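Written below as structure tokens is the structure these notes are about.
The values are calculated or read from the model by the stated rules, or taken from the named source; none is laboratory data. Here the structure is a predicted model, which is why all the values come from computation and not from measurement. Every residue, glycine among them, receives a Cβ derived from its backbone with ideal geometry; neighbour counts consider all protein chains shown. Just so you know, the surface numbers come from the protein's heavy atoms only, side chains and all, with ligands and any DNA or RNA stripped out. Shrake-Rupley method; radii C 1.70, N 1.55, O 1.52, S 1.80 Å.
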Amino acid sequence: MTLHRAGMLSIALLTLAAPVRGADRDQGPVPHAATRDIPDTVRFDQDIADGNLVQMTVTNYGFYGNNFFNRTASLEYPGGRGYEHMVRGGLWVGARATDEYGEFDGVTSGTVDAAQGSTSPQSSEWTPGDRQITRRSTLSGSPFYDPANAVSELDLVSHFNDFTPTVAASTVEPHRPMRLEVRQETYQWNFAEFKNVLFVRSTITNRGPLITNMWIGFYAELASGNKGAYVNWPPSSGDPGGQGSWFSNKWLVYDDEHRMLREHYCDQM
């Protein structure tokens with residue numbers, strides 16, 4: 001893929017059946033926090049897409065979920081029942097880019113593999129492009145009613161970019177900006193089959209020199225469980241509730257026919 005100006009990626013986050021055996025990922029120290037200087041005109045923000053049964057934390061810095069920083073919905077389904085399915089996720093973009101030092105193979109990731117429990121801004125290589133996430137709705141009774149711009153019963157709209165160099169937590173590799181700008185929109189409807197789906201639409205615009213060989217993906221650490229069964233949070237293998245590690249019961253299967261990764265909770269793993 002060659003990106004001259006803008007490209008668009010649409011993702012439908014379907015319900016995952018609930019938690020492959022994984023190593024214990026209890027809360028651990030963050031080696032360092034991301035270091036970056038951002039302008040006063042922007043700030044890190046997050047909100048919960050809660051317009052139907054799929055409730056997920058979204059941000060204006062390319063991170064999905066809340067890394068189990070608290071008990072609010074990370075990727076909770078059905079909403080309000082306390083069953084989580086994803087610790088963290090993020091928008092991932094790789095390409096052949098060019099800056100003042102020449103051509104390079106670049107990657108910008110919304111999150112990296114790390115321990116649960118820490119806040120999420122330091123885990124992302126994306127930087128906010130606005131001060132807050134905007135809510136819109138097609139419902140006339142909603143406080144966010146916006147008939148001119150809303151797409152669904154609940155839209156969440158944010159902007160972010162990779163303009164600012166940083167070093168994300170849990171990695172020592174400096175991020176090299178590719179000059180990408182993202183407009184992210186999530187859509188939710190609360191009727192029929194649509195109440196079980198969260199749609200994510202990302203429009204990616206190149207603000208720098210020509211980019212080639214672009215790959216766009218979604219990184220996710222999927223692991224299901226009942227957060228209500230844990231006394232303390234984030235969950236740990238030594239929790240007094242006796243559930244053991246949150247990550248010990250997941251089974252991941254790739255569905256070739258539907259080109260979809262399925263994650264299941266297996267109590268007897």
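Set side by side, the residues ILE216, ILE204 differ, and just one is of a type in the set (Val, Ile, Thr) and either touching an Asp or Glu at 6+ places or on another chain (Cβ under 7 Å) or surrounded by fewer than 19 Cβ atoms within 10 Å (Cβ to Cβ) (or both), which is ILE216. Among the residues that make up the range 50-67, is at least one of them within 22 Å of TYR230 (Cα to Cα) and hydroxyl-bearing (Ser, Thr, Tyr)? Yes, that holds for at least one residue.
Mind checking which residues of the range 97-131 are farther than 30 Å from GLY228 by Cα and either among the hydroxyl-bearing types (Ser, Thr, Tyr) or surrounded by fewer than 16 Cβ atoms within 10 Å (Cβ to Cβ) (or both)? First the steps, then the outcome.
Residues of the range 97-131 that are farther than 30 Å from GLY228 by Cα, as a first pass: 97-109, 125-131.
Within the range 97-131, THR98, ASP99, GLU100, TYR101, GLY102, GLU103, PHE104, ASP105, THR108, SER109, THR127, ARG131 meet the criteria.
Within the set VAL112, VAL54, the sole residue that is of a type in the set (A, V, I, L, M) and at pLDDT below 95 turns out to be VAL112.
Would you mind listing the strands (runs of 3 or more DSSP E) fully within the range 197-269 where at least 3 residues are within 30 Å of ALA97 (Cα to Cα) and in contact with a strand residue (DSSP E or B) (Cβ under 7 Å, 6 or more places away or on another chain)? It would help to see each step written out before you state the result.
Working: elements: 197-206, 212-226, 250-255, 260-265.
Passing ranges, in order: 197-206, 212-226.
Considering (1) over 14 Å from the mean Cα position of the chain (by Cα); (2) at pLDDT 50 or above, the lone condition that TRP92 does not fulfil carries the number (1). Being more than 18 Å from THR205 (Cα to Cα), surrounded by fewer than 21 Cβ atoms within 10 Å (Cβ to Cβ) and of a type outside the set (Asp, Glu) is a description that applies to TYR145.
Return a yes/no flag: does the range 169-191 have any residue that is open to solvent by less than 40 Å² (accessible area, probe 1.4 Å), part of a loop (DSSP other than H, G, I, E, B) and at pLDDT 95 or above. Show your work before the answer.
Pass one, the range 169-191, residues open to solvent by less than 40 Å² (accessible area, probe 1.4 Å): 169, 171, 175, 177-178, 180, 182, 184-188.
Retained after the next criterion (residues that are part of a loop (DSSP other than H, G, I, E, B)): 169, 171, 175, 177-178.
From what's left, at pLDDT 95 or above: 177-178.
Yes, the range 169-191 has at least one match.
Figure legend. Inter-residue proximity from the range 40-53: first residues surrounded by 17 or more Cβ atoms within 10 Å (Cβ to Cβ), second residues among the acidic types (Asp, Glu), beta-carbon distance below 7 Å, spacing 6+ or different chains. Indicated pairs: VAL42/ASP130; GLY51/GLU153.
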